[in-house]
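Chemist: Questions regarding the structure given below will be posed in turn.
The values are calculated or read from the model by the stated rules, or taken from the named source; none is laboratory data. Keep in mind it's a predicted model, so treat the numbers as computed, not measured. Here Cβ is always computed from backbone atoms with ideal geometry, including for glycine, and neighbour counts include all displayed protein chains. Quick note on the areas: whole protein, heavy atoms, side chains included, nothing else; ligands and nucleic acids left out. Shrake-Rupley method; radii C 1.70, N 1.55, O 1.52, S 1.80 Å.
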Amino acid sequence: MGKPSIIERIAEKLRIIPNLHDQVEPPLERLTEPGKLTKFPPPEKWDHWTEYEATKWSRKEKRNYMIVPTTCFNCESACGLTAYIDKDNWEIRKFEGNPYHPGSRGRNCAKGPATINQITDPDRILHPMRRKGARGSGEWERVSWDEVLDDIAAKIRKALQEGRNNEVAYHVGRPGHEGYMDRILQSWNVDGHNSHTNICSSGARFGYNLWYGYDRPSPDHAHAKAILLVSAHLESGHYFNPHAQRIIEGKMKGAKLITLDPRLSNTASMSDYWLPTYPGSEAALLLAMAKVILDEGLYNRAFLENWVNWEQYLKALHPDSEVTFDQFIEKIREEYKDYTPEYAEQESGVEAEKVVEVARIIGEAGERFSTHNWRSAASGNLGGWCVSRALHFLNVLTGSVGTKGGTSPNAWNKFKPTFFDKPPAQKFWNELHFPKEYPLAFFEMSFLLPHMLKEGRGKMDVYFTRVFNPVWTYPDGFSWIEALSDESMVGMHIALTPTWNETAFFADYVLPMGHSAERHDINSYATHSGMWIAFRQPVLREAARKAGKDFTHTYEVNPGEVWEEDEFWIELSWRIDPDGSLGIRKHFLSPYRKGEKITIDEYYQFIFEHTPGLPEASEKEGLTPLQYMRKYGAFEVEKHSYSKHLKQLSPEQMQGADVDPETGVILKEGSEIGVMVNGTPFVGFPTPSRKNEFYSQTMVDWKWPEYAIPTYIKSHIHPEKLDREKGEYVLVPTFRLPTLIHSRSGNAKWLTEISNRNPIWMHPEEARRFGFKTGDLVKLNTDIGYFVDKVWVTEGMKPGVIACSHHLGRWRRPEDKIGNRWATNTVAIKNDGNGGWSMRTLEGIKPFDSSDADSKRIFWSDGGVHQNITHAVHPDPISGMHCWHQRVRIERPGPNDQYGDIFVDTKRSFENYKEWLAMTRPAPGPDGLRRPLWFKRALRPTEDTFYIKE
Ligand code: SF4
């Protein structure tokens, strides 16, 4: 502390302010050395850590803590957290970062520490609840976990005994668990995995998969010379905080940051080049850059020659050409001759010179070119998958695939655990998840479930939703309400959730599952060029164990009776098969105690004992692998993971293998295992050619020959398809605010305090055209209804495009259980009985009495507007991705329109579903297949189910 000023000195003497200058250094050991705020408590002191209570400043009140590591669950990055557990009352006091986590390295975004809000939220669900009245009526009663388990188990057992395996499904919002649920569902022999992925990332995944059999990129930003982002990764997206730190590291070492986004995001504002592309034009711009790289000879000849299936391309599309690499270059220059920088400018609005300038930077970065596309353009547009395909094309051209500073496949950096037992693949194919119309859909067609149920394609008898809120998050939420309210479509709906949400209101059981620090899980994500595994553990359970307390299940130590899915699934599976006759029980027997039910500790013990390097590292510290993970919360499996395609096949692997003389593909027992390149057998990539596939025979075989090579598809919101005279614009509804996450942050007071409204971003040109100023009401008419929001006039939006963030507008009805009062409007919902649904805000957010004094201090009243519910479903006919961007007609609201008003016609939305369905080219494909065998499929069933049987 510096010298006091005279005024400070007088004020201190008069005791107007505390006299801190006369105080000597505290006798207590400091958490940090002066000036070194990055220093964490050393792990040997984690069992007993003392520091001053911040809220008692300037008194020096000591508090004793036990520090237990876990991981954050507020986005998909799974950053490390350390929970500070107060030893006086054994409650969690706060969360900080975990310096031993290789992905996040001790750092978190605002959402990490805000986990404490979710844990102490006075509105959280503390006990299992069962509905009393009609589904959706808002009446609930408390039940015991035993009743819950017995009732659900009996219903599942009946379905399985009657062969109705396809009527049991689990629909997950935020996944995790690394294979845990696959094991459960396959032990039940149900094709019951449904995910949120087709409203999230399927578009990008499909584009990547076509290229190299991996569906996600893992950029090595920290070592790159040029970084290209089709999204806003410094502030949101996969894997936000771990990526953001490495992007900045790369930038500090001189990397150029290039961002494609029609919105001046925080990321765009930090970039060297902000390219505000018209939504949906991104592939055209990227292909124009590819053309510059090709024309100017900036490509990596060695990589292209060895690791691209150019011979196959020439033979298929140019059979009269010589099969030489130079011919290949000549032909692809011809292919892309129309993708001039001027054409890119025409489509995207980005100046042609800028396109050339950036293309040269990319070409010069060569192998050190890292890229990422997550959601954003690939999830917004018809043909959005072409964006990631075009983006990866730039990586291929520069040879930056799998290199230091380049972009690797995500799977190279993601750990796959070994389980104590692996049930066989299920013998069912659920067409409610993978219908014939979408044979190439990269994940389940989850957002069409209500439409398919209405169409009579099937039924859900037991339907679990887990950390999943489709009524609010998905497009066309009123169709979800209709389906969930109808017991002939959904027999029993069980919502596994930490908090009340719009979907849980329409459940039969609402089962409280723990927040991040209240549950088990393992995480491993492609945050950088290494590989790690992290342990999400229920920290109060670990503290109780250390304190020698007696308990069996996690709900005995969590607040109320909050449980966790891991133990719940074990107990449920056990009860579905009480005598073992269904063949389920045997998959839940302890690997350590013969014939007895496995415990959750044993489950993770086995995984950690089989994690490469972890037993050795643990032994050095005198710990078992499980003890090591409980102590540190994370382990680095590989420091770097580059060029894994260059792994050579061993002589043993080559024994009995055949090499295709034409393609060099190495086959063994009917499967491709590698490829010969210049006489060496390499593992290569998991595609039919084992190389990067510039030419996709798969697209040809599955009736889309026009997309055999990377191309550009004009989006459903291309300017040619909008009528400006009628006020039609594109609405970009996909961007995230850095402090919020879908519908999971509604019960975090610090986060909703920061962000609590979602106005329409509008450029001054549009504002002038319609006569809007900031704060005015605007009515946006979608294809199935409308919503009324407020305008925010900003030059941070590209002219001709409007945008709205996708987190806000949470609601509850007066009859619903009170929940998330920090973020929910109270609304009235009316149904005219003929498909017409309206919503009106009765009351905004207001202060309330609770155990948390802050609830009386709420100063915001605006909870935003629920836009997604007015969106029509737009399934891309190829990737299956919901194309989020909406054509909207902007108009001034009428005298009866109010802020937050919503209207949707679900009959119209059903017609819209049919219109998009008509764009598909259904299975069967070659040999009567429903799906290419080489494509990944979530919860892959037996191979015979891939064939359509008459
Ligand atoms: S980026 Fe933020 S929300 Fe996501 S896991 Fe890390 S700390 Fe949590």
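Chemist: Using only the Cα atoms of segment 863-926, what do you get for the radius of gyration and for Dmax, in Å?
Modeler: Final numbers for Rg and Dmax: 15.7, 58 Å.
Chemist: Under 19 Å from a label point 7 Å along Cα→Cβ of ASP601: give me every residue in segment 530-551 with its amide N that close.
Modeler: 535-551
Chemist: Hey, another quick one. Just to confirm, what accessible area per residue do you get for the chain at 1.4 Å probe, in whole Å²?
Modeler: Counting only protein heavy atoms, the per-residue value for the chain is 36 Å².
Chemist: Hey, any idea what % of segment 415-472's accessible area is carbon plus sulfur with a 1.4 Å probe?
Modeler: 55 percent
Chemist: Just grab the label-to-label distance for LYS253 and GLU609, each label 7 Å out from Cα along the Cβ direction, in nm (one decimal).
Modeler: Modelled inter-label distance: 4.0 nm.
Chemist: Right, something else. Taking H as built 1.01 Å from N, whose amide H comes closer than 5 Å to the amide H of ILE673, not counting residues under 5 places away?
Modeler: Amide H neighbours of ILE673: ILE666, LEU667, LYS668.
Chemist: Hey, another quick one. If you plug each phi of segment 89-104 into the Karplus form 6.51 cos²θ - 1.76 cosθ + 1.60 with θ = phi - 60°, what whole-Hz ³J(HN,Hα) values come out, in order, with x for Gly and Pro?
Modeler: Values per residue, Gly and Pro as x: 10, 6, 10, 6, 9, 6, 10, 10, x, 10, x, 8, 8, x, x, 9 Hz.
Chemist: Another question about this same structure. Sequence-distant or interchain residues sharing an amide H contact under 5 Å with VAL637, placed H: which?
Modeler: Residues meeting the criterion, in which the H sits 1.01 Å from N, are MET531, TRP532, ILE533.
Chemist: Below 8 Å, C-alpha to C-alpha, sequence gap of six or more: please give me the relative contact order for segment 668-777 in percent.
Modeler: Relative contact order here is 9 percent.
Chemist: Can you bin segment 219-375 into rounded, prolate or oblate? Criterion: square roots of the alpha carbon gyration tensor eigenvalues sorted a ≥ b ≥ c, rounded for a/c under 1.5, prolate for a/b above b/c, oblate for the rest.
Modeler: prolate
Chemist: If you don't mind, there's one more thing I want to ask. Which percent of the accessible area of segment 711-864 is formed by carbon and sulfur heavy atoms (probe 1.4 angstrom)?
Modeler: Taking all protein chains in place, segment 711-864 shows 49 percent carbon and sulfur surface.
Chemist: Which parts of segment 663-699 would a label at SER643 reach, counting a residue when its backbone N lies under 16 Å from a point 7 Å out along Cα-to-Cβ?
Modeler: 677-685
Chemist: Related question: If the label point is 7 Å along Cα→Cβ of PHE859, which residues in segment 744-764 have backbone nitrogen under 17 Å from it?
Modeler: Answer for this model: 749-757.
Chemist: Quote the FRET efficiency, to the nearest 0.05, computed for GLU91 versus ARG593 with a Förster distance R0 of 35 Å and r equal to the Cβ-Cβ distance.
Modeler: 0.55
Chemist: Roll a 1.4 angstrom probe over the protein heavy atoms and tell me the percent of accessible area of segment 474-585 that is carbon or sulfur.
Modeler: 46 percent
Chemist: Please report, in Å, the Rg and the Dmax of the chain, where both are computed over Cα atoms only.
Modeler: 28.1, 96
Chemist: A further question follows. Could you tell me the calculated FRET efficiency between ILE818 and SER485, based on Cβ-Cβ distance and R0 = 22 angstrom, to the nearest 0.05?
Modeler: 0.55
Chemist: Between ARG892 and ASP295, what is the label-to-label distance in nm when each label sits 7 Å out along the Cα-to-Cβ direction?
Modeler: 4.7 nm
Chemist: Next up: Mind giving me the nanometre distance, one decimal, between the label points for ARG724 and SER581, set 7 Å out from Cα along Cα→Cβ?
Modeler: 7.2 nm
Chemist: If you don't mind, there's one more thing I want to ask. Give, rounded to the nearest 20 debye, the magnitude of the charge dipole that the chain has about its Cα centre when Lys and Arg contribute +1 at Cβ and Asp and Glu contribute -1 at Cβ.
Modeler: 1980 debye
Chemist: Right, next: For ASP146 and LYS914, what does the FRET efficiency come to when R0 = 45 Å and r is the distance between their Cβ atoms, rounded to the nearest 0.05?
Modeler: 0.50
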